[in-house]
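Heads up, the thing below is written out as structure tokens.
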Amino acid sequence: MANDDQKDPEGGTGPGLGGKKLDRRDMLLGLSTVPALGLFGYAWNKQRGYDQAQKEAARVDETPPDTDVPEVNVALLGTGAQGQVLLDSMLRIPGLRFRAVCDIWEEYNQKRAVRILKKFGFEANGYIDYREMLDKEKDIDAVVIATPDFWHAPHTVGCLEAGKHVYCEKEMSNTLEGARTMVLAARKAGKLLQIGHQRRSHPRYLHAYGKLLQEAELLGRIVTVNGQWNRSVSPDLGWPERYAIPAARLKEYGFESMAQFRNWRWYKGLGGGPIVDLGSHQIDIFNWFLGANPSHVIASGGLDYHDPATHEWYDTVMAIYEFQTAKGTARAYYQTQTTNGSLGYFENFMGDQGTLVISESEAANSGYVYRDPNAPAWDEWVQRGYITRPELQETVREDEEAMLDVRESVSPDEHTIPVVLRDPYHQPHLQNFFDAVRGTATLNCPAEIGYETAVTVLKVNEAIDANERLSFQPDEFEV
Ligand SMILES: NC(=O)c1ccc[n+]([C@@H]2O[C@H](COP(=O)([O-])OP(=O)(O)OC[C@H]3O[C@@H](n4cnc5c(N)ncnc54)[C@H](O)[C@@H]3O)[C@@H](O)[C@H]2O)c1
């Protein structure tokens, strides 16, 4: 698997043929479809076609945003790490008017958000309690929620009942009961609820799903899937002493101490641990790309490394799902661990005709497909600009003396997915939400999809506790 972020996103994977000798790769490209005599002219023409098609494909996300749009009044509820990330993206989206921010950490995160908004010309009011904000800020159209998972249900339901559209971060809720109340509240209020699985709006994922899997069916039948999010050891989060939240306020909002407030992800009843925090992003893609919810899950996990005095959830989890897809059984393995960041995060779909490796990251594993040697030629898809022309994966470099076993499989050619996101990762999903608020789009991750993912992911912790293979009933995914 290549891991080369130096590739030219517009021009594909290497220099054009002008002034360059045809190499073995060019020869092989041509050999799949033309007689050898016409190869040189053919390859040159084809190369020009590829370059043009790839330039066009890479432009998919370059349409300038429409600035002549109706204004949407926005509040941000939760101005911590992710609230800041979302705010950075929202400040790039035209037509948003920031009216209020709400965060119980008034001394630090809330003040910082108000200050940033002021710099951008918005006089946003700051609140500690969301009910007071909803009471006083009648003009708000939409609330963006980035509070800890156990607050998602009360915050979302409160905002929907007050008549606001809601964008709520993943994981939808730390409990299925909470997630269910959110779906029902959105339906009852007739308001929009987008869940923050931002890959659902990422142009590379949309391209991979719509063009490569659905239209070109490049992978054939997907039989196995794997994904991972590996993270290095990181210290617990701290806080500046002089900005500590008074104990009474912490308690009022469900936290026992500043340490627990800062590291809520690791605590039962507040978050879901890394499998929920990180895994939900990628397991959501398993369901999406396989076009099915799982039928079973087995999982092994534990608090193998971190200090149980300050961590409750499992730091290491390995889970295997079974899916009954329209094309047959598929098995999907997912791993998350927090002691070694090797190879980072990606999803890997393996079919009988090809493999797709994809990730949200623009730096590593961002998007590759590999044609299995027995699959039909992919020239048509290269010419259309759906994938770049192939890079041969040499098993042994010619200047090395190692000898290959004759039975060894030939490495498949590597094609890059020519779609690069030049905006912050969360911007397309937020843009999709605000487009839907204006009535010009439908949500890419509505409450019902967020719920299916919550059912899929939350059962991993259950399977670890039960130490057995658990089944999903189809009606479990419905509200
Ligand atoms: N989509 C993504 O890629 C992504 C990435 C990171 C985090 N997240 C999600 O974003 C959410 C927030 O995560 P984070 O990393 O920003 O956590 P964080 O602890 O940095 O921020 C949470 C903020 O919420 C505030 N808060 C807590 N309880 C509150 C309440 N009752 N009312 C108002 N404010 C309250 C805290 O003071 C803090 O400022 C989580 O649900 C997390 O899963 C999503």
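Quick notes on this structure:
- If you go through region 117-156 and keep only what is out of contact with any Cys (no Cβ under 6 Å at 6 or more places or on another chain), over 21 Å from residue 277 (Cα atoms) and part of a helix (DSSP H, G or I), you end up with 117, 118, 119, 131, 132, 134, 135, 136.
- Exclusive hit being under 22 Å from residue 288 (Cα atoms) and either away from the ligand (no atom under 12 Å from the Cβ) or not in a strand (DSSP E or B) (or both), set 194, 214: 214
- Contact annotation: residue pairs with Cβ atoms under 8 Å, 6 or more positions apart or on different chains, pairing a residue in region 99-110 that is in contact (Cβ under 8 Å) with a residue 60 or more places away in the chain and over 19 Å from residue 159 (Cβ atoms) with a partner that is more than 8 Å from the ligand (Cβ to nearest atom) and assigned to a helix (DSSP H, G or I), are 105/243; 107/243; 108/243.
- Looking across region 85-112 at every residue that is assigned to a loop (DSSP other than H, G, I, E, B), crowded, with 18+ Cβ neighbours inside 10 Å and not charged (D, E, K, R), the one that is farthest from the ligand (Cβ to nearest atom) is identified as 93.
- Filtered residues of region 173-187 (kept if out of contact with any Asp or Glu (no Cβ under 8 Å at 6 or more places or on another chain) and assigned to a helix (DSSP H, G or I)): 176, 177, 178, 179, 180, 181, 182, 184, 186, 187
- Residue match in region 282-289 (condition: closer than 30 Å to residue 251 by Cβ, buried (at least 21 other Cβ atoms within 10 Å of the Cβ), touching a residue at least 60 places away in the same chain (Cβ under 8 Å) and within 15 Å of the ligand (Cβ to nearest atom)): no
- Just one of the listed residues (154, 148) is within 11 Å of the ligand (Cβ to nearest atom), over 26 Å from residue 323 (Cβ atoms) and free of Cβ contacts under 8 Å to residues at least 60 places away in the same chain, namely 154.
- Comparison of 170, 164 shows that the only residue that is closer than 20 Å to residue 434 by Cβ and within 8 Å of the ligand (Cβ to nearest atom) is 170.
- Taken over region 179-191, the criterion of being free of Cβ contacts under 8 Å to residues at least 40 places away in the same chain and either among the hydrophobic types (A, V, I, L, M, F, W, C) or within 15 Å of the ligand (Cβ to nearest atom) (or both) is satisfied by 185, 189.
- Residue that is nearest to the ligand (Cβ to nearest atom), among those in region 240-254 that are under 15 Å from residue 127 (Cα atoms) and in a loop (DSSP other than H, G, I, E, B): 253
Read-outs throughout are calculated quantities, based only on the coordinates presented, and are distinct from any laboratory measurement. These figures come from a predicted structure and were not determined experimentally. Glycine also receives a Cβ, built like all others from the backbone with ideal geometry; neighbour counts cover every protein chain displayed.
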